[in-house]
Amino acid sequence: MRYKKLLFALPSLALVAVLLQSSKFADEPKVWTSANQPLHEIEALRRQIKAPVFKNKDYNVLDFGAKGDGVTKNTAAFKKAIESCNAAGGGRVVVPAGKFFTGPVYLKSNVNLYLSEGATIIFSKDKKDYPLALVRWEGMDCMNYTSQIYAYHEKNIAITGTGTIDGNASDLDWWVWKGSAEHGWKPGLPNQKTGRDSLHTLMHNKVDARKRIFGDGYYLRPYMIQPYECQNLLISGVKLINSPMWFIGPVMCDNVIVERVSINSHGPNTDGCDPDACRNVLIKDCYFNTGDDCIAIKSGRDEDGRAFGRPAENHLIEGCRMEDGHGGVVIGSEIAGGARNIYAINCQMSSPDMDIILRIKTSSSRGGIIQNVFMDNINVGIYKTAAVHCNMFYEKPGNFMPVIRNVWVQNLDVNQGGTYGVFVNAYKESPVQNLKLINCNIRNVKTPVKVDYVKDMEFKNVTVNGKTLSAK
């Protein structure tokens, strides 16, 4: 609360000028005047995003020595199959029915890792199996445990099929590193706090990412899937369970499709799909039942996000179903590079533990411009905190004023609301701009609207608790 008071009492016009300049406030904003505009943009985006195509040749992991007995460690067999497939111009590396225990998998260009019906990949808990790789961890770049499925500077890669990928995390391993009693931690056990604080310090000091060495002794959990600076990525049809941390976290990737994927885990920070500073992303017909945000769009934390200066751009979320999770569709909080052209349509959400339907979270330690956010035809059974939530005070303050503008929500239908319908906590010097709700019906909320600083907010045909609201 002390931070919040300081932020609302900025001491001088000179400081305000610096903050506004740091956010590139002078950039010309887009303002939609009709829903037809974002709808046309969505159709144009569909035409840009294309699934990778693979050579019609299969490489069965059994032919490379793999055994699906759930005991044999198949790391070498998977590596041989993937390298052979890549060397011959690509195709499918097929995992047949069975339980395939393995260390991390590195995906190479033109390889489609295909899980047949009844196939399960189970990842090792042995930390010695996890070499260091350049990864992004909570928006900060470092050398840490490789993700369970990793790729770096590869093109045309996929994970497809109807099988299951099991991260093999539980309160007995991986999750306990969070340092939460809820997930098995007890006083005297190691946790991630010291390592996390160290990574923050290295980032703030702008130390080269490859000199930020973590791994053993730092307890920073790996993600399940993290392609880093890759192009043309497809994840389709598979079931993902028990990730050590975030499930799908592509970093600075172009042309990403995540479709018909089922994600199920209630571990700490087990976000479903968190594209970070990616461009042209489609997340379609997926199911999320997570221990953290279902979908969280990111573009790097603080110095790392600003150094790359790459926004999250052109994301379409369509036909997804969200149950438990801190947020359904989230932008932030690691959003220092900004975000633009984010669309979510035709989704269903419902859970008493679902905090927020559309959540935009940032701070003045992030900065960045979040703009052009469109949400249409969202059906909600029940949520806990807010339907639309914009917060510029998510973490500690800094010298980089955040900007949120051009947010359009229409055809939102909520049966059982929570604490708020609409919640905005913004800077006086940087109000949320052009927030529009159109044709929305939110039932059974305690406080319909709680906002401080907004500019050009509009409610049109918005009903909350049976009463029509007008913006003030």
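The values are calculated or read from the model by the stated rules, or taken from the named source; none is laboratory data. Everything numeric in this text was worked out from a predicted model, so none of it was measured. We place every Cβ from the backbone using ideal geometry, glycine too, and count neighbours over all the protein chains shown.
Just to verify a result, which residue in region 257-282, among those that are charged (D, E, K, R) and in a strand (DSSP E or B), is nearest to Gln48 (Cα to Cα)? The qualifying residue nearest to Gln48 (Cα to Cα) is Arg279.
Considering only residues of region 348-378 that are over 19 Å from Val403 (Cα atoms) and out of contact with any Lys or Arg (no Cβ under 7 Å at 6 or more places or on another chain), which is surrounded by the fewest Cβ atoms within 10 Å (Cβ to Cβ)? Among those that are over 19 Å from Val403 (Cα atoms) and out of contact with any Lys or Arg (no Cβ under 7 Å at 6 or more places or on another chain), it is Asn377. The set of residues in region 361-388 that are free of Cβ contacts under 8 Å to residues at least 60 places away in the same chain, in contact with a Gly (Cβ under 9 Å, 6 or more places away or on another chain) and not small (Gly, Ala, Ser) comprises Lys361, Thr362, Ile370, Ile378, Val380, Ile382, Tyr383, Lys384, Thr385, Val388. Looking at Gly291, Gly309, Gly319, just one residue is of a type outside the set (Ser, Thr, Tyr) and either buried (at least 24 other Cβ atoms within 10 Å of the Cβ) or closer than 26 Å to His183 by Cβ (or both), and that residue is Gly291. Residues that are in a loop (DSSP other than H, G, I, E, B), at pLDDT 95 or above and more than 18 Å from the chain's Cα centre (by Cα) within region 386-396 comprise Met392, Phe393, listed in sequence order. Among the residues of region 242-256, those identified as at negative phi, part of a strand (DSSP E or B) and crowded, with 20+ Cβ neighbours inside 10 Å are Ile248, Val251, Val256.
If the condition is being buried (at least 20 other Cβ atoms within 10 Å of the Cβ), in a strand (DSSP E or B) and over 21 Å from the mean Cα position of the chain (by Cα), then region 407-427 contributes Gln410, Leu412, Val414, Tyr420, Gly421, Val422, Phe423, Val424. Residue check: is Met375 assigned to a loop (DSSP other than H, G, I, E, B), of a type in the set (A, V, I, L, M) and modelled with pLDDT of 95 or more? So Met375 fails the test.
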